[in-house]
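Chemist: Here it is, the structure in full.
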Amino acid sequence: MGIGPAIDEGFYYDFDLKSPFVPEDLEKIEAEMKKIVSENIPVVRQEVDRETARKMFSDMGEDYKVELIDDLPEDSVISLYRQGEFVDLCAGPHVPSTGYLKAVKLLNFAGAYWRGDEKRPMLQRIYGTAFMSQDDLKQYLDKLEEVKKRDHRRLAKELDLFSIQEEGGPGLVYWHAKGALIREIIEDFWRKEHRKRGYDIVYSPHIAKLDLWKTSGHWNWYRESMYAPMAIEEVEYMLKPMNCPFHILMFKNQTRSYRDLPMRMGELGTVYRYERSGVLHGALRVRGFTQDDAHVFCTREQLEDELIGVLELAQFMLTTFGYAEYECMLSVRDPENKAKYVGDDESWALAQNALEQALLRKNLPYTVEEGEAKFYGPAIDIKVKDALGRRWQGPTIQVDFNNPERFDVTYVGEDGLRHRPVMIHRTVLGSMERFVAGLVEHYAGAFPLWLSPTQVTVIPIADKMAGYAEKVAAALREEGFRVNCDLGHEKMGFKIRQAQMQKVPYMLVVGAREEESGTVSVRHRAGGDMGAMPLDAFIRGAKEELATKSLEMLVKSQT
RNA sequence: GCCAGCGUAGCUCAAUGGUAGAGCAGCUGAUUUGUAAUCAGCAGGUUAAGGGUUCGAUCCCCUUCGCUGGCUCCA
């Protein structure tokens with residue numbers, strides 16, 4: 001036996017088995033659990049000293065338990081829980097007897113390294129969950145079903161958004177027309193909002209000389225995520241895993257003055273990182289992706305205000321995309337393993353302090369996460385909560401005193417002397433791939449009107465109405481809507497079904513009645529038949545919905 | 001990368017140690033319809049790839065590739 005803790009959504013237990021679990025084992029074990037529950041066996045707590053516990057588990061041949069005991073302080077009192085012939089190490093508390101268990105289900109099994117260390121043996125882990133009632137359990141299982149239905153890989157296929165091609169290689173995303181359109185809308189919005197806030201938007205190359213990556217520290221601290229160098233006319237080049245060195249070069253292209261600062265340089269920059277094959281997951285974890293990256297060069301005095309500006313931009317973006325809740329984390333170094341990071345203690349302390357001050361000034365509660373910093377500096381990492389309450393990695397904001405040093409970046413101050421600027425690295429959306437995949441799941445594919453690839457489908461009742469349908473579609477296009485006019489020889493019900501399945505927000509049904517009165521019969525994908533209204537009235541309403549980027553319809557679609 | 005499982009038509013899935021079948025999608029034709037599927041016909045597959053066992057493999061074995069669930073890692 002390994003360990004078997006309770007986790008957020010249930011529990012697991014690790015075993016070192018001679019032969020791995022097979023699916024039938026789950027049923028057998030679950031049946032045995034039910035039997036034990038029905039026997040209502042008392043669960044008794046017992047406290048022993050370390051030596052006693054050690055001998056006990058050593059006699060039983062439970063070497064993993066012995067290792068756990070050995071890691072506890074010598075004078076610790078160790079609690080055991082005994083249930084019939086079974087005894088286990090546990091801090092507790094436990095239910096008084098097995099009959100207290102009302103609804104237990106084993107879910108799946110998988111390999112897991114002993115103590116999470118890939119150099120240690122791999123154990124067989126079994127996952128399960130438990131609830132106070134069968135109803136609660138059922139609700140949980142229904143939620144798992146809902147998660148499956150929303151899976152971006154499934155929806156991307158159904159809605160024809162993007163794909164990954166086996167012939168092209170794993171972890172490389174192909175954006176189909178509709179997905180590309182959503183991405184374009186998001187990128188346009190991103191650019192507009194960044195320009196408003198004083199960002200310059202740039203482009204940089206995809207490869208650079210190996211020496212550049214040595215200067216930046218990537219070669220030393222990030223090599224295992226980079227693709228092998230390629231020789232071009234006997235000079236080695238590398239594919240970029242990050243955009244920062246390029247932005248630094250652009251900053252250094254001229255002598256900068258304090259008057260140029262803060263300089264905010266943004267780029268939708270495509271990077272390539274080697275990700276181990278087992279970690280790839282749809283568009284959420286890929287090998288080539290486009291970050292909504294930006295680097296702010298500023299003075300130490302400007303740093304805090306710049307961080308506040310980034311935090312406010314992040315909050316604005318998250319809200320616009322319908323993420324109402326989020327959690328902030330201050331990611332700092334792993335104090336045990338400083339060799340993983342570039343730079344000295346002092347600059348790390350300064351950077352961390354600046355981030356902390358910004359969080360405090362914005363009144364944002366946060367937790368400190370050790371070992372979560374990037375190799376060049378500490379960060380604020382924001383996790384957003386989606387419509388199903390799941391947490392996703394969102395914006396990340398990093399302070400970097402090291403790269404300006406390594407690249408000898410300077411600006412000329414009021415005093416005529418050269419000074420060292422500070423750098424902020426930040427992304428708000430993360431990457432287009434991950435962000436859009438997240439949105440697909442957040443909205444279950446039913447994007448708000450402003451993001452929907454097709455906003456309106458016009459459905460003539462019969463072929464002879466095609467003329468009016470096309471007139472309606474043309475009028476809408478003239479107003480800037482993305483319109484599909486469905487002139488196929490199918491019945492209206494079939495066309496409605498098609499549009500529903502494609503999650504088109506509005507379907508406009510037109511027949512003789514509508515043509516005579518210059519109206520359209522409006523059907524909303526979630527609200528159903530909304531009756532006839534003059535075409536201009538529909539246009540006005542839809543424009544209003546667009547202008548507010550309203551999520552009202554989303555809320556409606558979930559009830 | 002590691003542990004386990006999976007890979008059959010564009011998609012969802014059947015079937016079998018004896019030259020693979022359905023629904024949807026596609027194409028052709030008919031139908032002209034009032035709020036989630038009109039009807040008929042046609043076409044579509046070296047059963048992921050390579051090797052082995054066998055009289056014969058899609059099925060059994062091995063290797064490779066890819067995917068899925070986890071672990072480790074991460075935008």
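Chemist: Using the charge dipole of chain A (Lys, Arg: +1 at Cβ; Asp, Glu: -1 at Cβ; taken about the Cα centre), state which of A:96, A:155, A:68 has its Cα farthest towards the positive end.
Modeler: The residue sitting most towards the positive pole is A:155.
Chemist: Please give the solvent-accessible surface of residue A:495 in Å², to the nearest 10, using a probe radius of 1.4 Å with every protein chain present.
Modeler: Number for this one is 10 Å².
Chemist: Now for a separate question. Assuming R0 = 22 Å, what is the FRET efficiency of residue A:470 and residue A:491, from their Cβ-Cβ distance, to the nearest 0.05?
Modeler: 0.70
Chemist: Further, regarding this structure: Using a 1.4 Å probe and ignoring any ligands, DNA or RNA, find the accessible area of residue A:117 and quote it in Å² to the nearest 10.
Modeler: 60 Å²
Chemist: Heavy atoms only, probe 1.4 angstrom, no DNA, RNA or ligands counted: give me A:45, A:197 ranked by accessible area, highest first.
Modeler: Largest accessible area first, the residues go A:45, A:197.
Chemist: Given R₀ = 25 Å, FRET efficiency for residue A:253-residue A:340 by Cβ-Cβ distance, to 0.05?
Modeler: 0.20
Chemist: Using Cα pairs closer than 8 Å and at least 6 residues apart in sequence, work out the relative contact order for the stretch A:134-253, in percent.
Modeler: 15 percent
Chemist: Still on this model: Sequence neighbours fewer than 8 away in the same chain don't count; with that in mind, list the aspartates and glutamates whose C-alpha is under 15 Å from residue A:543.
Modeler: A:478, A:479, A:552
Chemist: Extending each Cα 7 Å along its Cβ direction at residue A:49 and residue A:276, get the distance between those two points in nm, one decimal.
Modeler: A separation of 4.2 nm, rounded to one decimal place.
Chemist: Further question: Ignoring ligands, DNA and RNA, how do A:109, A:246 rank by accessible area with a 1.4 Å probe, largest first?
Modeler: Heavy-atom accessible area, descending, gives A:109, A:246.
Chemist: Pulled fully out, how much extra length does the chain show between residue A:482 and residue A:543, if you take 0.36 nm times their separation in residues and subtract their Cα-Cα distance?
Modeler: Extending this stretch completely gives an extra 20.7 nm.
Chemist: Turning to a different aspect of this structure: Go through A:523, A:82, A:276 and list them by solvent-accessible area, largest first, probe radius 1.4 Å.
Modeler: These residues rank, largest area first, as A:276, A:82, A:523.
Chemist: How big is the stretch A:390-492 on each of its three principal axes, counting only the C-alpha atoms and giving the largest first in Å?
Modeler: 78, 37, 17
Chemist: Could you compute how much accessible surface residue A:206 exposes when probed at 1.4 Å, giving the result in Å² to the nearest 10?
Modeler: That residue has around 80 Å² of solvent-accessible surface.
Chemist: If you don't mind, there's one more thing I want to ask. Let's see if you can work this out: charge +1 on each Lys and Arg Cβ, -1 on each Asp and Glu Cβ, no other charges. What is the dipole magnitude of the stretch A:157-310 about its Cα centre, in debye to the nearest 20?
Modeler: The calculation lands at about 240 debye.
Chemist: With each label point set 7 Å from Cα along the Cα-Cβ vector, what nm distance links residue A:41 and residue A:174?
Modeler: Distance between the two pseudo-spin positions: 5.5 nm.
Chemist: Now for a separate question. To the nearest 20 Debye, how big is the dipole of the stretch A:1-146 about its Cα centre, given +1 on the beta carbon of each Lys and Arg and -1 on that of each Asp and Glu?
Modeler: 260 debye
Chemist: Defining a contact as two alpha carbons under 8 Å apart and six or more residues distant in sequence, what relative contact order in percent does the stretch A:71-149 show?
Modeler: Relative contact order for the stretch A:71-149 comes out at 22 percent.
Chemist: Under unit Cβ charges (Lys, Arg +1; Asp, Glu -1), what dipole magnitude, rounded to 20 debye, does chain A have relative to its Cα centre?
Modeler: 1580 debye
Chemist: Residue-wise, which Karplus ³J(HN,Hα) couplings in Hz belong to the stretch A:459-471, taking 6.51 cos²θ - 1.76 cosθ + 1.60, θ = phi - 60°, and x for glycine or proline?
Modeler: Once rounded to whole Hz, the list reads 10, x, 6, 8, 3, 5, 8, 4, x, 5, 4, 5, 5.
Chemist: Among all the lysines, which ones have a C-alpha under 20 Å from residue A:383's C-alpha, if same-chain residues fewer than 8 places away are not counted?
Modeler: Of all the lysines, those that pass the test against residue A:383 - Cα under 20 Å, at least 8 places apart if same chain - are A:362, A:374.
Chemist: First check a/c for the stretch A:274-372, with a ≥ b ≥ c the square roots of the eigenvalues of its C-alpha gyration tensor; if it is under 1.5, answer rounded, and if not, answer prolate when a/b is larger than b/c or oblate otherwise.
Modeler: oblate
Chemist: Which of rounded, prolate, oblate describes the stretch A:89-244, given a ≥ b ≥ c as roots of the alpha-carbon gyration tensor eigenvalues and a/c under 1.5 marking rounded, otherwise prolate only if a/b is larger than b/c?
Modeler: Prolate is the answer for the stretch A:89-244, as a/c is 1.5 or above and a/b outweighs b/c.
Chemist: At q = 0.13 Å⁻¹, what log₁₀ I(q)/I(0) does a Debye calculation on the Cα points of chain A give, no solvent, two decimals?
Modeler: Taken in order of the listed q values, log10 I(q)/I(0) reads -1.32.
Chemist: Then there's this: Can you pull out the GluC sites (Glu not before Pro) in the stretch A:237-344 whose DSSP state is coil and whose Cβ has at most 11 other Cβ atoms within 10 Å?
Modeler: A:336
Chemist: Defining a contact as two alpha carbons under 8 Å apart and six or more residues distant in sequence, what relative contact order in percent does chain A show?
Modeler: Reported relative contact order: 10 percent.
Chemist: Which of rounded, prolate, oblate describes the stretch A:340-391, given a ≥ b ≥ c as roots of the alpha-carbon gyration tensor eigenvalues and a/c under 1.5 marking rounded, otherwise prolate only if a/b is larger than b/c?
Modeler: In terms of gyration-tensor shape, oblate.
Chemist: If you don't mind, another one. Would you calculate a helix-derived [θ] at 222 nm for chain A, using -39,500 (n - 2.57) for each DSSP H run of n ≥ 4 and dividing by the full residue count, to the nearest 500?
Modeler: After summing the helix terms and dividing by the residues of chain A, the value is -11000 deg cm²/dmol.
Chemist: Same structure, new question: Would you list, by chain and number, the lysines whose Cα falls below 23 Å from the Cα of residue A:491, excluding same-chain residues fewer than 8 positions away?
Modeler: Partners found: A:464, A:471, A:503.
The values are calculated or read from the model by the stated rules, or taken from the named source; none is laboratory data. Keep in mind that this is a model prediction, so the values were computed, not measured. Don't worry about glycine lacking a Cβ; one is built from the backbone with ideal geometry, like all the others, and counts go over all protein chains shown. Side chains are part of the model used for accessible areas, which takes the heavy atoms of the whole protein and leaves out ligands, DNA and RNA. Shrake-Rupley method; radii C 1.70, N 1.55, O 1.52, S 1.80 Å.
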